[in-house]
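Following: one structure in structure tokens, then a few remarks.
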């Protein structure tokens, strides 16, 4: 029986990972979250001796040590983090507390025999990109955003523990994953919520800034392949699509797919945190998956169909 700890478990991506892991017979899962931003409704209701939810703060050594010392996990998915551009800009000290969580998780993993730590990093580590697409080997360290700085610190912590203690890792740099459970703090889900309710879709600046969008199923399959097939050991992997879409194109696509009467409204540009372009070199992800990714229009349609069925 493989024992897996998932921190930040009530968030969008980790709870979606749990939905898949819970169907695998040889896995025991502890879902750990302080519910600051995660939602308990994201987690499965599952009456099983292979799954348990524990409320706690990974940045508190007392909280997380009680769990890790009790269960002696084989794998840890450390996804707990303060997320969202506006939230992280408004609460920079709260973001910096996540550094303590890295230290707690890695120290306890080393001391309890964890085989590998999977870490959710972010495209924000690239800061203002110096190349297109962004390659895993190029990290300019030019962002002043607390969230980006903390993710870079987390990656440095993980590499250091591997070098000194031979603790294996896989770092996932996520680029705008979207799906049915995503909160409206993020652009695609925010636009969908507004379109469903015939509210204005608000865009910062001219809307020509581009992003790429990765459907949740592609993100989760990437993680499962790395776990189950021993892939990506001691690697950094960009997890995202390489198809750039402008924010104004995204808004219009959502309006078309939802048949919404909403309008697109332009607001002044954000003072910081809104890069003009962001696009990963996802060749490593595609090689590990062995297939292409879900197109944006069919991914959005999948969310629309999901909400119609619930």
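General remarks:
- Residue check for residue 136: within 30 Å of residue 247 (Cα to Cα), assigned by TED's automatic domain parsing to the domain that holds residue 40 and out of contact with any strand residue (DSSP E or B) (no Cβ under 6 Å at 6 or more places or on another chain): no
- Test: residue in the range 46-53 that is more than 15 Å from residue 3 (Cβ to Cβ) and either at pLDDT below 95 or assigned to a loop (DSSP other than H, G, I, E, B) (or both): yes
- Against the list (1) within 29 Å of residue 22 (Cα to Cα); (2) exposed (fewer than 15 other Cβ atoms within 10 Å of the Cβ), the condition residue 217 fails is (2).
- Residues in the range 97-113 that are out of contact with any helix residue (DSSP H, G or I) (no Cβ under 6 Å at 6 or more places or on another chain) and surrounded by fewer than 22 Cβ atoms within 10 Å (Cβ to Cβ) were compared, and the one that is farthest from residue 150 (Cα to Cα) is 113.
- If only residues of the range 204-218 that are assigned to a loop (DSSP other than H, G, I, E, B) and within 19 Å of the chain's Cα centre (by Cα) are counted, the one that is nearest to residue 279 (Cα to Cα) is 212.
- Of the residues in the range 189-203, not one is within 14 Å of the chain's Cα centre (by Cα) and closer than 23 Å to residue 94 by Cβ.
- Output for the range 278-298, where each listed residue is surrounded by 11 or more Cβ atoms within 10 Å (Cβ to Cβ), touching a helix residue (DSSP H, G or I) at 6+ places or on another chain (Cβ under 8 Å), modelled with pLDDT of 95 or more and under 30 Å from residue 235 (Cβ atoms): 280, 285, 288, 289, 293, 294, 296
- Residue among 160, 120, 168 that is buried (at least 23 other Cβ atoms within 10 Å of the Cβ) and at pLDDT 95 or above: 120
- Scanning the range 192-203 for residues that are over 19 Å from residue 278 (Cα atoms), crowded, with 21+ Cβ neighbours inside 10 Å and touching a strand residue (DSSP E or B) at 6+ places or on another chain (Cβ under 8 Å) returns 194, 195, 201.
- Among (1) free of Cβ contacts under 8 Å to residues at least 40 places away in the same chain; (2) buried (at least 18 other Cβ atoms within 10 Å of the Cβ); (3) closer than 27 Å to residue 99 by Cα, the one test that residue 35 misses: (2)
The values are calculated or read from the model by the stated rules, or taken from the named source; none is laboratory data. Values in this document were obtained by computation on a predicted structure and should not be read as measured data. Positions of Cβ are backbone-derived with ideal geometry, glycine not excepted, and every protein chain shown enters the neighbour counts.
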